[in-house]
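Asker: For reference, the structure I am asking about is given below.
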Amino acid sequence: MPDRSYVIDQMISAKSIAARIEDLAREIKAEFAGTDRLIVVGLLRGSFVFIADLVRELDMNVEVDFVETSSYGNAMESSKEVRILKDLRGEIEGRDVLVVEDIVDTGHTLTHVLHLLESRAPAKLRTIALLDKPIRREVDIKADWIGFEIPDEFVVGYGIDFAQRNRNLPFIGKVRFTE
């Protein structure tokens, strides 16, 4: 699939992303005020840039951990079968947890991960997604915080890839295939 020719049209600028993360961080700090140490769980790999920028904006004690899932591979469509490739290293029982997702599309990945984490009895479990594509939702789930709602477009950049390419773009761009 990555051998197809495509161009990337910018949808959301790096400046817009940075400003939105500042706003989201303020809301998250208010939600978790009084938390001794917030566990921020990033869903790899797409969330790594977002989580790095988000935790730098959180003026509080945070612990960072990751869960790696797979439902896309090199395809543009989710297989709907979510596999856990890497689990948390630490315990979350009785702790406050913020799950950081790059994009909520069908909702299968976030639903699967939340069920897994809920079974471990965190004190509080909240979610944030940089991007939300509600038109594609197949399960009833919505992140507690959303950076940007986007239309049904295949996007890359800011950690999000197409067949492991374009994660390093500082903006969110729409993939447009050329023939």
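Asker: Could you identify the single residue in Val139, Val97, Val64 that is of a type in the set (A, V, I, L, M) and over 25 Å from Ala30 (Cβ atoms)? Even if it seems obvious, please write down each step before you answer.
Answerer: Details: Val97 fails: over 25 Å from Ala30 (Cβ atoms); Val64 fails: over 25 Å from Ala30 (Cβ atoms).
Residue meeting the stated conditions: Val139.
Asker: Considering only region 24-32, I want to know if a residue exists there that is touching a Gly at 6+ places or on another chain (Cβ under 7 Å) and buried (at least 16 other Cβ atoms within 10 Å of the Cβ).
Answerer: Taking region 24-32 and keeping what is touching a Gly at 6+ places or on another chain (Cβ under 7 Å), we get 24.
Still in the running and buried (at least 16 other Cβ atoms within 10 Å of the Cβ): 24.
Within region 24-32, one or more residues are touching a Gly at 6+ places or on another chain (Cβ under 7 Å) and buried (at least 16 other Cβ atoms within 10 Å of the Cβ).
Asker: In region 48-88, what count of residues is obtained for those that are assigned to a loop (DSSP other than H, G, I, E, B), closer than 26 Å to Phe171 by Cα and at pLDDT 95 or above?
Answerer: 1
Asker: Next up: Kindly indicate whether any position in region 74-86 is of a type in the set (A, V, I, L, M), under 19 Å from Ala52 (Cβ atoms) and surrounded by 15 or more Cβ atoms within 10 Å (Cβ to Cβ).
Answerer: Going residue by residue through region 74-86, those that are of a type in the set (A, V, I, L, M) are 75-76, 82, 84-85.
In the following step, the residues that additionally are under 19 Å from Ala52 (Cβ atoms) were identified as none.
No: region 74-86 contains no residue that is of a type in the set (A, V, I, L, M), under 19 Å from Ala52 (Cβ atoms) and surrounded by 15 or more Cβ atoms within 10 Å (Cβ to Cβ).
Asker: Could you please find all residues in region 97-122 being assigned to a loop (DSSP other than H, G, I, E, B) and either closer than 25 Å to Leu58 by Cα or of a type in the set (Gly, Ala, Ser) (or both)? Can you show your working first?
Answerer: If we filter region 97-122 for residues that are assigned to a loop (DSSP other than H, G, I, E, B), which is where we start, we get 105-107, 119-122.
Answer for region 97-122, where residues must be assigned to a loop (DSSP other than H, G, I, E, B) and either closer than 25 Å to Leu58 by Cα or of a type in the set (Gly, Ala, Ser) (or both): Gly107, Ser119, Arg120, Ala121, Pro122.
Asker: Residues in region 135-144: is at least one farther than 15 Å from Gly46 by Cα, touching a residue at least 60 places away in the same chain (Cβ under 8 Å) and either among the aliphatic types (A, V, I, L, M) or in a strand (DSSP E or B) (or both)?
Answerer: Looking through region 135-144, none of the residues is farther than 15 Å from Gly46 by Cα, touching a residue at least 60 places away in the same chain (Cβ under 8 Å) and either among the aliphatic types (A, V, I, L, M) or in a strand (DSSP E or B) (or both).
Asker: Of Thr178, Thr111, Thr127, which residue is more than 28 Å from Leu38 (Cα to Cα) and not hydrophobic (A, V, I, L, M, F, W, C)? Please lay out each step first, then the result.
Answerer: Details: Thr111 fails: more than 28 Å from Leu38 (Cα to Cα); Thr127 fails: more than 28 Å from Leu38 (Cα to Cα).
Going through Thr178, Thr111, Thr127 in turn, just one is more than 28 Å from Leu38 (Cα to Cα) and not hydrophobic (A, V, I, L, M, F, W, C): Thr178.
The values are calculated or read from the model by the stated rules, or taken from the named source; none is laboratory data. Keep in mind that what you see is a predicted model, and the values were worked out from it rather than measured. Glycine gets a Cβ as well: all are built from the backbone with ideal geometry, and neighbour counts include every protein chain shown.
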